[in-house]
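The values are calculated or read from the model by the stated rules, or taken from the named source; none is laboratory data. Only a predicted model underlies this, so the values are computations on that prediction, with no experimental measurement involved. Cβ atoms come from the backbone with ideal geometry, glycine included; neighbour counts cover every protein chain shown. Keep in mind that these areas ignore ligands, DNA and RNA; they rest on the heavy atoms of the full protein, side chains included. Shrake-Rupley method; radii C 1.70, N 1.55, O 1.52, S 1.80 Å.
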Amino acid sequence: MDEARHERLVIIGSGPAAWTAAIYAARAQLEPLVYEGSFSATMVPGGQLMFTTEVENYPGFPAGVSGPAMMADFRDQALRFDTRVVTDNVDSVDFSGRPLRLTAGDGTELTADTVIIATGANARWLGVPGEERLAQSGGGVSACAVCDGALPHFRGKVIAVVGGGDSAMEDALYMTKFASEVLVIHRRDELRASKIMQERLLANPKVKLVWNTVVREVIGDDVIERIRVEDVNTGEQREIAVDGMFVAIGHVPNTGFLGNAIELKPNGYIATPVPWRTVTSVPGVFAAGDVMDDFYRQAVTAAGTGCMAALEAERWLAHGGEE
Ligand code: NAP
């Protein structure tokens, strides 16, 4: 006998993609159930925007908006249309048959006709002393230059960008618009970034490469003042005075709970094989936001794909499981 509660649509996640999907699905009377996640040391319901001080590039907020305030508004808007929310994780899924099966953190078993996965990605952090404290307090440490780099605090200052990939190149170039000097701190003597991005970076007079170097500590009471770095070849340590640090060492999509239930891209993001669609390798399962987007990674693009996923789920249900 099947005792699991059955849902038409379960949405997993609580960032811009998940709430936008919920708003659209609820207004289409699909009565979505959102698993918004639970509180842990590295993640809270609301996702990455909960760690963003000021969002200045989301259209509709001419004066900017704090990340947490924006997510509270997204959530309230979904609740207004009778979205049901559970503050728990989905711990595992079984998509091998129909209906789809999900198990929540508290052991609750659910079945569903459709699922939208919008669990996002976490920025990879260095994990050194001082980093997390100053990132969470808005003390000049961030993993998103596009989000935080234009704040007045960084104007005319010396900024460190950590990493050697395209994101680090992009962040460093972005920061040259505001900073007096941008130090790119990379652990090797060769960049991973594409040649064109490397060339652009190296041609910019405000950029200085600090090779073979890792950050060991971020120092500062309320605001970052210095970083302690180590030369990986000699082991020699020294301190560099900086007014900001952007960590750009990659992202980790939150797909661990999926096991082998769904096809992932080689870099771990959920594969959405049809261009401009959110369909995944499993019929009736859609993916939206940063868990499937390794390219744009913006709140506004996440919201856009959340809308797409809800419309596709609605159409899928209306057509009795046909794409
Ligand atoms: P990435 O290519 O994986 O590069 C991560 C960088 O961080 C690497 O240089 C790596 O060093 C370094 N790193 C990783 N862990 C570290 C640690 N613990 N301490 C110090 N350094 C560490 O990630 P990404 O730059 O975010 O790019 C992800 C994907 O998006 C790539 O495919 C990229 O091409 C794409 N992307 C494209 C654009 C664009 O085309 N405009 C912009 C952004 C991203 P090592 O090199 O030594 O491994």
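Kindly indicate whether any position in region 163-176 is open to solvent by 40 Å² or more (accessible area, probe 1.4 Å), more than 10 Å from the ligand (Cβ to nearest atom), modelled with pLDDT under 95 and on the phi < 0 side of the Ramachandran plot. Within region 163-176 (the criterion being open to solvent by 40 Å² or more (accessible area, probe 1.4 Å), more than 10 Å from the ligand (Cβ to nearest atom), modelled with pLDDT under 95 and on the phi < 0 side of the Ramachandran plot), the answer is yes, since at least one residue qualifies.
Looking for whichever is out of contact with any Asp or Glu (no Cβ under 7 Å at 6 or more places or on another chain) and farther than 30 Å from LEU202 by Cβ here; the options are ALA168, ALA78, ALA160, ALA135. Which one fits? Outline the logic, then answer.
Values: ALA168 fails: farther than 30 Å from LEU202 by Cβ; ALA160 fails: farther than 30 Å from LEU202 by Cβ; ALA135 fails: farther than 30 Å from LEU202 by Cβ.
Within the list ALA168, ALA78, ALA160, ALA135, the selection yields ALA78.
In the condition set (1) within 11 Å of the ligand (Cβ to nearest atom); (2) in contact with a Lys or Arg (Cβ under 6 Å, 6 or more places away or on another chain), LEU183 is compliant with all but (1). If the condition is being under 17 Å from ALA241 (Cα atoms) and basic (Lys, Arg), then region 152-202 contributes ARG155, LYS157.
The set of residues from region 1-35 being more than 20 Å from ASN89 (Cα to Cα) and of a type in the set (Lys, Arg) comprises just one member, ARG27. Per the listing ARG216, ARG228, ARG238, the residue uniquely under 25 Å from the mean Cα position of the chain (by Cα) and either away from the ligand (no atom under 14 Å from the Cβ) or not in a helix (DSSP H, G or I) (or both) is ARG216. Pairing each residue of region 104-119 that is open to solvent by less than 10 Å² (accessible area, probe 1.4 Å) with any residue that is assigned to a strand (DSSP E or B) and of a type in the set (Val, Ile, Thr), provided the two are 6+ apart or on different chains, yields C-beta distances under 6 Å for ALA104/VAL90; ALA112/VAL10; VAL115/VAL10; VAL115/VAL285; ILE116/ILE11; ILE117/ILE12. Please determine whether any residue of region 22-34 is part of a helix (DSSP H, G or I) and within 16 Å of the chain's Cα centre (by Cα). Within region 22-34 (the criterion being part of a helix (DSSP H, G or I) and within 16 Å of the chain's Cα centre (by Cα)), the answer is no, since none of the residues qualifies.
Residue count for region 164-190 under the criterion of being over 23 Å from GLY67 (Cα atoms) and touching a helix residue (DSSP H, G or I) at 6+ places or on another chain (Cβ under 8 Å): the result is 7.
Since ALA248 meets every condition but one in (1) small (Gly, Ala, Ser); (2) under 20 Å from ASN122 (Cα atoms); (3) more than 15 Å from the ligand (Cβ to nearest atom); (4) in contact (Cβ under 8 Å) with a residue 12 or more places away in the chain, which condition does it not meet? Of (1) small (Gly, Ala, Ser); (2) under 20 Å from ASN122 (Cα atoms); (3) more than 15 Å from the ligand (Cβ to nearest atom); (4) in contact (Cβ under 8 Å) with a residue 12 or more places away in the chain, only one is false for ALA248: (3).
Name the one entry in ILE196, ILE270 that is surrounded by 17 or more Cβ atoms within 10 Å (Cβ to Cβ), farther than 19 Å from TRP125 by Cβ and within 16 Å of the ligand (Cβ to nearest atom). Explain how you work it out, then say what you get.
On the way: ILE196 fails: surrounded by 17 or more Cβ atoms within 10 Å (Cβ to Cβ).
Testing whether each residue is surrounded by 17 or more Cβ atoms within 10 Å (Cβ to Cβ), farther than 19 Å from TRP125 by Cβ and within 16 Å of the ligand (Cβ to nearest atom) leaves just ILE270.
One residue stands out in region 270-323 among those that are charged (D, E, K, R) and in contact with a strand residue (DSSP E or B) (Cβ under 6 Å, 6 or more places away or on another chain): the one that is farthest from GLY46 (Cα to Cα), namely GLU312.
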